[in-house]
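Comments concern the structure below.
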Amino acid sequence: MKPRRVEDRQDHYYWKARKEGYRSRAAFKLKQMNRKFGLIKKDYWVLDLGASPGGWSQVAVELGARVVAVDLSPMDGIDGVYFIQGDLTSPETWDKIREVRGRFDAVICDASPKITGNWDIDHFRSVELVEYAFKIARLFLKRGGNFVVKMFQGEETPRLYSEFKKFFVFKKLHTPPASRKRSSEVYFIGKGFGGKFKPERDEP
Ligand SMILES: C[S@@+](CC[C@H](N)C(=O)[O-])C[C@H]1O[C@@H](n2cnc3c(N)ncnc32)[C@H](O)[C@@H]1O
């Protein structure tokens, strides 16, 4: 990890990630959310969407999970992680996931569109990714499974969150301390997929 931006040079989590051998400062967001919400446990199968360079996958493996990771960009290997290079919005990628595993205990998605700095554009681009992440969660999550997905906030956030809430027993909108202060990102946290409502779901 080289400092790409001036703010990286001044960023506590950037240097902490370098020191502790994580591939991204994002690793600390998952660590913090997992400490608070218990999303990933030992022996879980985790589907990591938008996984490169691999910080979240590293954390999931440390927690004792086996991971299937997906990203448009390549990712260096990690023991315990099966990597698929592909677009999470493409049914071909879903077929590739299914070839490795049909059901997961947790689906985690930190996928981001290329950031423009314009909050509206970034929001609308992230809406599409969040909708696909929901679709994938409905395809692959076990009953009772856990889900976390990042969104850049905007006018569609309440609509997506109320859709999301129907599927989980426990649900929360959360911004971990490691998120950058000027970022508009928020994470949808869901635990207990299909709990009370027995939602319609697609079979893998
Ligand atoms: C913030 S990074 C993820 C960082 C990762 N969680 C970590 O800890 O290292 C966002 C990733 O989303 C990926 N991405 C964006 N759109 C995608 C798509 N349609 N399909 C798959 N990956 C996508 C990008 O290539 C990028 O690697």
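List of remarks:
- Solvent-accessible surface of the chain, taken per residue with a 1.4 Å probe and all protein chains present: 50 Å².
- For the chain, calculated [θ]222 nm from helices alone, where every DSSP H run of n ≥ 4 adds -39500 (n - 2.57): -10500 deg cm²/dmol
- Gain on full extension, evaluated as 0.36 nm per residue between Lys172 and Asp43 minus their Cα-Cα distance, stands at 44.0 nm.
- Rounded to 5, the percent of DSSP beta bridges in the chain classed as antiparallel: 40
- Gained length - Lys181 relative to Phe124, 0.36 nm times residue gap less alpha-carbon distance: 18.5 nm
- Taking packing as the residue-averaged number of other Cβ atoms within 10 angstrom, the listed peptides 18-30, 119-131 run from highest to lowest as 18-30, 119-131.
- Per-residue packing, averaged as other Cβ atoms within 10 Å, sorts the ranges 144-151, 185-192 into the order 144-151, 185-192, beginning with the highest.
- With a threshold of 25 Å on the Cα-Cα distance, the over-threshold entries among Lys42/Lys142; Lys36/Lys114; Lys29/Lys114 are Lys36/Lys114.
- Seen through its C-alpha gyration tensor, with square-root eigenvalues sorted a ≥ b ≥ c, segment 65-204 comes out oblate because a/c lies at 1.5 or above while a/b is not bigger than b/c.
- Taking amide hydrogens as placed 1.01 Å from N in the peptide plane, the amide H of Phe104 sits under 5 Å from those of Leu141, Lys142, each at least 5 positions away in sequence or on another chain.
- Under the simplified labelling scheme, the Arg98-Arg159 pair shows an inter-label distance of 2.9 nm, with each label point 7 Å from Cα along Cα→Cβ.
The values are calculated or read from the model by the stated rules, or taken from the named source; none is laboratory data. In this text the structure is predicted, and so the values were computed from the model without any measurement. With ideal geometry, Cβ positions are generated from the backbone for all residues, glycine too; neighbour counts draw on all protein chains shown. The accessibility values were calculated without ligands, DNA or RNA, using every heavy atom of the protein model including side chains. Shrake-Rupley method; radii C 1.70, N 1.55, O 1.52, S 1.80 Å.
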